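Q: Pasting in a structure now, in structure tokens, and then I'll have a few things to ask.
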Amino acid sequence: MLEIKSRNVQKSNEQTVAIKTKASIPLIANILSNTKAQEIVCSKAIYDTIPARALAALGKMNVKVRIVPLGRGRPNKHDKKTRSLVLKMLKSRVSKKEISEKLKIPLRTVYWIGKKN
């Protein structure tokens, strides 16, 4: 898979192209002229920037445009096991300070997990 992060598209024989930048008609034209793309993969936000004319032209050329879900935001520092353990202890009325000390996680994190879930 060829990843496109800028307006410059290198010649390639790749059939799947991933767009990581705002799409425009000149960019789509560059992709089609410099690659053998049969499928274009992008996020929902990038898909929304592709002009309707370009989508129609891609459809006529049998080039599929596929939206892939992307994880957004900062990843969680604590795994699901720790978070579920905190919630279980909160439900059994263990104090937040005790949870923090037993699991060796910051007190603020215990509050955050309790508030979020």
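Any read-out appearing in this document is the output of simple, stated calculations on the displayed coordinates, not a laboratory observation. Note that the coordinates shown come from a computational prediction; the quantities given were computed from them, not determined experimentally. Glycine gets a Cβ as well: all are built from the backbone with ideal geometry, and neighbour counts include every protein chain shown.
Q: What span do the alpha-carbon atoms of the chain cover on each of the three principal axes, reported in whole Å from largest to smallest?
A: The Cα atoms of the chain stretch 63, 25, 19 Å along their principal axes.
Q: So who's got an amide H within less than 5 Å of the one on Ile4, skipping anything under 5 residues away but keeping other chains? H placed 1.01 Å off N, in plane.
A: Ala18, Ile19, Lys20
Q: May I pose another question? Quick one: which of Lys81/Lys115; Lys11/Lys60; Lys11/Lys77; Lys11/Lys44; Lys44/Lys104 span more than 29 angstrom between C-alpha atoms?
A: Table pairs above 29 Å Cα-Cα are Lys11/Lys77; Lys44/Lys104.
Q: Okay, helix-only estimate at 222 nm for the chain: each DSSP H run of n ≥ 4 adds -39500 (n - 2.57), divide by all residues, round to 500 deg cm²/dmol; what do you get?
A: Value at 222 nm, helices only, nearest 500: -13500 deg cm²/dmol.
Q: For a quick check: with amide H placed at 1.01 Å from N, whose amide H comes under 5 Å from Ile105's, ignoring anything fewer than 5 positions away on the same chain?
A: none
Q: On to the next question. Please compute the modelled spin-label separation between Lys116 and Ala29, points set 7 Å along Cα→Cβ, answer in nm with one decimal.
A: 4.6
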